[in-house]
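In what follows, a single structure is set out as structure tokens and then discussed.
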2 protein chains.
Amino acid sequence: MTSQPVLINGQWRASTGTETFQAINPATKETLSEVYPVSPWSEVEEVIDAAVAAFKTVRSYPVGRFADFLEAYAAKIELKIDEIVEAAHLETGYPISPRLKDGEMVRTLDQLRQAADAARNQTWSLPTIDTKTNIRSMLGPIGPVAVFGPNNFPLAFNSISGGDFAAAVAAGNPVIAKGHPSHPRTTQLFAEIAQASCERSGMPAGFIQLIYRTSHEDGAKLVAHPKLGASGYTGSRHAGLVLKEAADRGGNPIYLELSSINPVFILPGALEERFSEIVDEFTGSCLMGTGQFCTNPGLVVVKAGDAAEEFINAVAAKFKATPAGTLLGEGVARSLRAGIVAIQQTGAQVVTGNEPADANRCSYANTLLRATGKSFIENPAGHQEEAFGNASLIVVADSDEEMLAIAEQLEGNLTGCIYSNTEGTDDALYDSIAEELRRHVGRLINDKMPTGVAVSPAMNHGGPYPATGHPGFTAVGIPASIRRFASLECYDNVRLHRLPEVLRDENPHESLHRDIDGIMTTDDVK
Amino acid sequence: MTSQPVLINGQWRASTGTETFQAINPATKETLSEVYPVSPWSEVEEVIDAAVAAFKTVRSYPVGRFADFLEAYAAKIELKIDEIVEAAHLETGYPISPRLKDGEMVRTLDQLRQAADAARNQTWSLPTIDTKTNIRSMLGPIGPVAVFGPNNFPLAFNSISGGDFAAAVAAGNPVIAKGHPSHPRTTQLFAEIAQASCERSGMPAGFIQLIYRTSHEDGAKLVAHPKLGASGYTGSRHAGLVLKEAADRGGNPIYLELSSINPVFILPGALEERFSEIVDEFTGSCLMGTGQFCTNPGLVVVKAGDAAEEFINAVAAKFKATPAGTLLGEGVARSLRAGIVAIQQTGAQVVTGNEPADANRCSYANTLLRATGKSFIENPAGHQEEAFGNASLIVVADSDEEMLAIAEQLEGNLTGCIYSNTEGTDDALYDSIAEELRRHVGRLINDKMPTGVAVSPAMNHGGPYPATGHPGFTAVGIPASIRRFASLECYDNVRLHRLPEVLRDENPHESLHRDIDGIMTTDDVK
């Protein structure tokens, strides 16, 4: 059977690889018909060389060209929405509506357009001009970026249409997309549109490229390659840390978005005040998308008492009453079960679930576990095993001190949330937990669940290790996410006509604030 | 003999270590009298615990407190300038004037005060507010920072008074200073003043601490420690990469400023136009401070011809006529010689030098090497061995293409410089070399030598690996250098009174620009 072509240096062509793979529809367990290649190292090297050549070419492009490409791409995607979401539906089991068509697709287009705006207005580049010394600096593109997309967002985090892709391109970098093998057709469709948009916008061959899969060893060699600028990876902790080690050794930045259990502390006064709302919000957040969100609330901490028992009972009832959703694949179901069993082995009890659901599709029963605060504190790592999917652990702490001690033992997470009473009865406890929790999370949330990551300039979809590889960066939120794929360029005594546009005396964009002699201003240099 | 005390958790006390060391005056090779301890791991752990406790305490401090401390510290240093520069003179062999008193000390005080301003005005924190989603974010302190100072800047890069120290404190982080063993007395004097300033400014015990030396293993454990926020290291590539590997494995950011040979391309038209000036500038830059600058021009590329030969002869004459300066120690002299020999073994020839200078002090003859462009291109790594000190390699390229090929083979460097004719005769060659060179350096310079790193907001004292560990950051230049020691803090739906001051509706500083709904403004949130 002929395998699908890869996109290398502007050409769709047969892979030289001999290994192949096929995607599976998790809603039916049927193998999908298209066959995709595993690219060998020689092919990866060709991709790198083409990206390097493209980078040399685009370095002299006006920044508007990258914006034009991103906008043209978004416009062309809009013409093929139905085809893309249908492919994604088959490959992920996610419903077409609202999830794919009304949620992720809208977000994907919005991200591409926000990135286009940022590419054009250059705010992300932080231009800084010192007229006394005639030293001028800005953030500029870092070089070819390899993007490894995850399984759980086939559109909005896709390696060739998602947040990392948009950020890398907005900075002016070629992208080497390494598709996720669970949704190759979706990725291929995006790449076809992206390549057509590249040609239309005058981008060179090799500016965007797509391979579907490599061996683990070749993935590690790619991120460590001396000609690569940086990598973005979203996925499992294990695979991510293998790539991080390789990239670190090669001296290449790699931005990771790994596991996170997103602790939620529900303080006693909040439970008393808003019991039903919190039960609904938690259940909805935990089971939405079959729990397959990076910010799924996998750990809830409550204080022992009747209200806590009622909360657990109410949540368990909803978990039982809600049909188990479809998981992204058999592998996801297996590791969900393994995560649940690992948590159970630390001394947690299953309240409901922990059994297969529908044998005809990839699924597992909605699972609720409970553990004591004492048990958590005795084995914090064990209780923080990620069970990615429709499962959560409720820890019942005996005292305020135990709640705080749990916060102290948390690993790095993307988010941490505290529900507290609106009249102030929880305020003392809030203050002590919040101060501790903040240091373990990228985004501190009040009174709502962590799922739902707005594409806002103020968003932080990042956090302390091992949620990511560096606590100063975010994967979502423009312009900050663009700065990951940048290097600091400094021009010292460089003749004015040789400078990049944003560092010249005349400000090229009326809305662009530049630091001139320590003052933020939209003025020209005088 | 009693060894000097270490500063741990606010107390000057005897180290529990049994190993000791003494500094040597490189100008006389005499061992200095004070004895300093090597701190064992148990002591390093105490330091970490105290820093963690201090971090918890200062998290609730108003940002002005850090500024007050930095300013008080600078003011107290000013009262002891003579004592400090005398100690540094004995430990480094640098002249008191102008180098230490009029150069480094002035810079040190300026840096501390610039950092104080930045701590107060908070521009470095990039506050970003999205009123529609009520998500607000900023850069905040990353946690305890370990600073490893280098041998070559006993004041301005000292682990407890230099740029990394000032940046880490300005962000609100406790600092664990690991002094450089070649100038312990200088470091101790700074630490005494710093601790007194801490007490005066109401900073908690453990906010700044000093140990002089650890084993290499314990240094690696320190940077990898899960309770550490980040590290800053300036020094040799070998030791730096060992620390980087440890920090990377531990998931901790480490900012490195490693070796750099700072290539200088002198284009034919420039040599024709400004021969004598360039000879003087190069010789001065190369031999200044006995060549012991991070930005010392260790590699010069010229185009073959009579002018190139005359240039080499003129430089060689000046190298011979200038007395060899004192090096920082016997180790520096040994590795300088080893670097020269390594370059020689690649096929370079010694034009002058490469022999011991004055046996009564740490020194080595001013050394000039030359090689062909062909030889460089055949073994680029060998020709880029760092010979840290008063030595430089001139590469004579046969053609424009060979000059460009040399640029393509450069490792990551802090700086790269091009001299070109002011009438435009070199412009075509400039354009091709500059575009290539820029990707290999942090700071691209025109028509002047790389030494002299202004403390300017626009400065980049950073560059691609292996000059540093990440091309997006700079060790010099406020506010950017502060952002290294920061994590991104995001507040989602957090009640207004619980927010950090810079994220509240009211702008606390009239000069602080905040991104509110995508617009940079000094206004309050409406």
note = Note: among B:ASP447, B:ASP358, B:ASP427, B:ASP398, just one is of a type in the set (Asp, Glu) and either touching an Asp or Glu at 6+ places or on another chain (Cβ under 7 Å) or within 12 Å of B:PHE265 (Cβ to Cβ) (or both), namely B:ASP447
request  = Kindly indicate the residue of the stretch B:509-525 that is touching a residue at least 40 places away in the same chain (Cβ under 8 Å) and more than 7 Å from chain A (Cβ to nearest Cβ) and also surrounded by the fewest Cβ atoms within 10 Å (Cβ to Cβ) among those meeting that condition.
outcome  = B:SER511
Residue under evaluation B:VAL47, criteria (1) open to solvent by 10 Å² or more (accessible area, probe 1.4 Å); (2) in contact with a strand residue (DSSP E or B) (Cβ under 7 Å, 6 or more places away or on another chain); (3) over 29 Å from B:LEU503 (Cα atoms), criterion not met = (1)
request  = Taking only the stretch A:1-24 into account, find how many residues are in contact with a Cys (Cβ under 9 Å, 6 or more places away or on another chain) and open to solvent by less than 70 Å² (accessible area, probe 1.4 Å).
outcome  = 1
ask   = Out of all the residues in the stretch B:404-419, is one or more open to solvent by less than 30 Å² (accessible area, probe 1.4 Å), closer than 15 Å to B:PRO268 by Cβ, touching a Phe, Trp or Tyr at 6+ places or on another chain (Cβ under 9 Å) and within 14 Å of chain A (Cβ to nearest Cβ)?
value = yes
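Does the stretch B:244-258 hold any residues that are surrounded by fewer than 24 Cβ atoms within 10 Å (Cβ to Cβ) and either more than 11 Å from chain A (Cβ to nearest Cβ) or not acidic (Asp, Glu) (or both), and which are they?
The answer is B:ALA246, B:ARG249, B:GLY250, B:GLY251.
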query = From the residues in the stretch A:441-453 that are open to solvent by less than 30 Å² (accessible area, probe 1.4 Å) and more than 9 Å from every other protein chain (Cβ to nearest Cβ), which one is modelled with the lowest pLDDT?
reply = A:VAL453
task = Inspect all residues belonging to the stretch A:466-486 and state whether any of them is free of Cβ contacts under 8 Å to residues at least 24 places away in the same chain, closer than 30 Å to A:GLU277 by Cα and not polar (S, T, N, Q).
result = yes
ask   = Checking A:LEU437 against (1) in contact with a strand residue (DSSP E or B) (Cβ under 6 Å, 6 or more places away or on another chain); (2) at the interface with chain B (Cβ under 7 Å from one of its Cβ atoms); (3) among the hydrophobic types (A, V, I, L, M, F, W, C); (4) not in a loop (DSSP other than H, G, I, E, B), which test does it fail?
value = (2)
key: Failed item, numbered, when A:THR234 is tested on (1) surrounded by fewer than 18 Cβ atoms within 10 Å (Cβ to Cβ); (2) under 19 Å from the mean Cα position of the chain (by Cα)   = (1)
inquiry  = Looking only at the stretch B:469-497, filter to residues that are among the polar types (S, T, N, Q) and at the interface with chain A (Cβ under 9 Å from one of its Cβ atoms); which one of those is most open to solvent (accessible area, probe 1.4 Å)?
reply    = B:ASN493
Test: A:SER42 is touching a residue at least 24 places away in the same chain (Cβ under 8 Å), farther than 30 Å from A:ALA357 by Cβ and open to solvent by 20 Å² or more (accessible area, probe 1.4 Å) = yes
note = Scanning the stretch A:430-448 for residues that are more than 18 Å from the chain's Cα centre (by Cα) and among the basic types (Lys, Arg) gives A:ARG438, A:ARG439, A:LYS448
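With the requirement that a residue be in a loop (DSSP other than H, G, I, E, B), in contact with a helix residue (DSSP H, G or I) (Cβ under 6 Å, 6 or more places away or on another chain) and open to solvent by 20 Å² or more (accessible area, probe 1.4 Å), what does the stretch B:420-434 give you?
Passing the criteria: only B:THR425.
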task = Filter the stretch B:464-523 for residues that are among the hydrophobic types (A, V, I, L, M, F, W, C) and outside any loop (DSSP other than H, G, I, E, B) and give the result.
result = B:ALA480, B:ILE482, B:PHE485, B:ALA486, B:LEU488, B:CYS490, B:LEU496, B:VAL502, B:LEU503, B:ILE516, B:ILE519, B:MET520
task = Among the residues of the stretch A:25-39, count how many are open to solvent by 20 Å² or more (accessible area, probe 1.4 Å), free of Cβ contacts under 8 Å to residues at least 40 places away in the same chain and assigned to a loop (DSSP other than H, G, I, E, B).
result = 1
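Given the options A:ALA196, A:ALA167, name the one that is surrounded by 22 or more Cβ atoms within 10 Å (Cβ to Cβ) and in contact (Cβ under 8 Å) with a residue 60 or more places away in the chain.
Step by step, each of A:ALA196, A:ALA167 is checked, and only A:ALA167 is surrounded by 22 or more Cβ atoms within 10 Å (Cβ to Cβ) and in contact (Cβ under 8 Å) with a residue 60 or more places away in the chain.
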query = So which residues in the stretch A:454-463 are buried (at least 24 other Cβ atoms within 10 Å of the Cβ) and either more than 7 Å from chain B (Cβ to nearest Cβ) or of a type in the set (S, T, N, Q) (or both)?
reply = A:SER456, A:ASN460, A:HIS461, A:GLY463
task = Take the residues in the stretch A:498-508 that are out of contact with any helix residue (DSSP H, G or I) (no Cβ under 7 Å at 6 or more places or on another chain) and touching a residue at least 40 places away in the same chain (Cβ under 8 Å), then tell me which one is farthest from the other protein chains (Cβ to nearest Cβ).
result = A:GLU501
inquiry  = Just to check your reading of the model, which residue among A:SER3, A:SER42 is assigned to a loop (DSSP other than H, G, I, E, B) and not charged (D, E, K, R)?
reply    = A:SER3
key: Meets criteria (within 25 Å of A:PRO26 (Cβ to Cβ), part of a helix (DSSP H, G or I), open to solvent by 20 Å² or more (accessible area, probe 1.4 Å) and not aromatic (Phe, Trp, Tyr)) for A:ARG213   = no
message = Any residue in the stretch B:128-155 that is farther than 19 Å from B:GLY172 by Cα and facing chain A (nearest Cβ under 7 Å) sitting within a Cβ distance under 9 Å of a residue that is basic (Lys, Arg) and open to solvent by 20 Å² or more (accessible area, probe 1.4 Å)? List the pairs, counting only those 6 or more apart or interchain.
response = B:ARG136/B:ARG504
message = Please verify whether B:LYS221 is at pLDDT 95 or above, surrounded by fewer than 24 Cβ atoms within 10 Å (Cβ to Cβ) and part of a loop (DSSP other than H, G, I, E, B), treating the condition exactly as stated.
response = no
Verdict on A:ILE176 being among the aliphatic types (A, V, I, L, M) and more than 12 Å from chain B (Cβ to nearest Cβ) = yes
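The values are calculated or read from the model by the stated rules, or taken from the named source; none is laboratory data. If you're wondering where the values come from, they're calculated on a predicted model, not measured in any experiment. Here the Cβ is made from the backbone with ideal geometry for all residues, glycine too, and neighbour counts use every protein chain on show. In case anyone asks, the SASA skips ligands and DNA or RNA and just uses the protein heavy atoms, side chains included. Shrake-Rupley method; radii C 1.70, N 1.55, O 1.52, S 1.80 Å.
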